[in-house]
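The values are calculated or read from the model by the stated rules, or taken from the named source; none is laboratory data. Because the structure is predicted, anything quoted here is derived from the model rather than measured. In this analysis, Cβ positions are derived from the backbone assuming ideal geometry, glycine residues included, and neighbour counts consider all displayed protein chains. Accessible surface is based on the protein model in full, side chains and every heavy atom, while ligands, DNA and RNA are left aside. Shrake-Rupley method; radii C 1.70, N 1.55, O 1.52, S 1.80 Å.
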Amino acid sequence: KAGVTQTPRYLIKTRGQQVTLSCSPISGHRSVSWYQQTPGQGLQFLFEYFSETQRNKGNFPGRFSGRQFSNSRSEMNVSTLELGDSALYLCASSSIGGSGTDTQYFGPGTRLTVL
Amino acid sequence: EDQVTQSPEALRLQEGESSSLNCSYTVSGLRGLFWYRQDPGKGPEFLFTLYSAGEEKEKERLKATLTKKESFLHITAPKPEDSATYLCAVLEGGGTSYGKLTFGQGTILTVHP
């Protein structure tokens, strides 16, 4: 099976712009979670989607949003970028039900740099 | 609120020198504890899932164990290619923690030849 894929792998934006990141989960996985990773804060949960519905959200401002499509692919959007949004954005997918439930498999990440 | 603390922050070993990494956690109802390995600039790579106290899992030179308050990742006779950051994460049970892993800060392992 192909793993989790994320595009683009690298992005450079300037303050005030917006950005959209894409994630394709492992085939058959319907849950997609997003995380932000920075040297100071480590890995922090952004939100989780299942069957096109956001079921959980972390403590991030409303500038961070996401969505999931009927094929389980997910996108996250960050509007009005700030310097502090520079980070590695990671997507993870997991299956629901059966063996291995809840285990999240991560993609390679998108490195976002805000100038 | 869930808390995960990993120790030590950094660990330097000589090749073949066995050691253990610790992950202590506070969670109201553990659904699962996960170990990942992360190389610089890459996404975390899944290693183990542990569900209940007393459970143990092994993979090559790695063995993960779980108690009610902590987990250990034992590394036997490590090799330089085992050098990476090892991350521990917990998933809380209940109906409000969908998909939310709470991570520790990680242990940076360096194995010298």
Open item on the list: Take residue A:44 and residue A:71, extend 7 Å from each Cα along the Cα→Cβ direction, and tell me the distance between the two endpoints in nm.
Closed with: 3.3 nm
TODO: Counting only GluC sites (Glu not before Pro) that are in a DSSP loop and have at most 14 other C-beta atoms within 10 Å, tell me the longest site-free stretch of chain B.
DONE: B:61-113
Open item on the list: Can you give me the distance in nm between label points at residue B:12 and residue B:55, each placed 7 Å from the Cα along the Cα-to-Cβ direction?
Closed with: 3.6 nm
Task: Label zone at residue A:18, where the point sits 7 Å out along the Cα-to-Cβ direction: the range A:47-68 residues whose backbone N lies under 15 Å - done: A:62-67
Task: Extreme residue, positive dipole direction of chain A, given options A:12, A:28, A:103 (C-beta unit charges) - done: A:12
Task: Accessible area (Å², per residue) of the protein assembly as shown, counting only protein heavy atoms and a probe of 1.4 Å - done: 48 Å²
TODO: Give me the percent of the accessible area of chain B that comes from carbon and sulfur atoms, probe 1.4 Å, all protein chains in place.
DONE: 47 percent
- [ ] Counting only C-alpha contacts under 8 Å and six or more residues apart, can you give the relative contact order of chain A as a whole percent?
- [x] 36 percent
Task: Residue (of B:64, B:76, B:53) at the positive-pole extreme of the range B:1-92, dipole from beta-carbon charges - done: B:53
Task: Filtered GluC sites (Glu not before Pro), the range A:1-94: DSSP coil and at most 16 other beta carbons within 10 Å - done: A:52, A:82
TODO: Give a residue-ordered list of calculated ³J(HN,Hα) values for the range A:14-28 (Karplus: 6.51 cos²θ - 1.76 cosθ + 1.60, θ = phi - 60°; whole Hz; x for Gly, Pro).
DONE: 10, 3, x, 6, 10, 9, 10, 10, 10, 9, 10, x, 4, 3, x
Task: For chain B, size of Cβ-based charge dipole, Lys and Arg +1, Asp and Glu -1, in debye - done: 140 debye
Task: Shielding score for A:39-49, defined as the mean number of other chain Cβ atoms within 10 Å - done: 4
Task: Summed side-chain charge close to residue A:28 - residues other than residue A:28 whose Cβ falls under 14 Å, Lys, Arg +1, Asp, Glu -1 - done: +3
Task: Cleavage-rule hits (chymotrypsin sites (Phe, Trp or Tyr not before Pro)) in the range A:48-79: DSSP loop, at most 13 neighbouring Cβ within 10 angstrom - done: A:69
- [ ] Report the FRET efficiency, 1/(1 + (r/R0)^6), for residue A:83 and residue A:111, where r is their Cβ-Cβ distance and R0 is 22 Å, rounded to 0.05.
- [x] 0.90
- [ ] Please compute the net charge surrounding residue B:100, taking Lys and Arg as +1 and Asp and Glu as -1 over other residues with Cβ under 12 Å from its Cβ.
- [x] -2
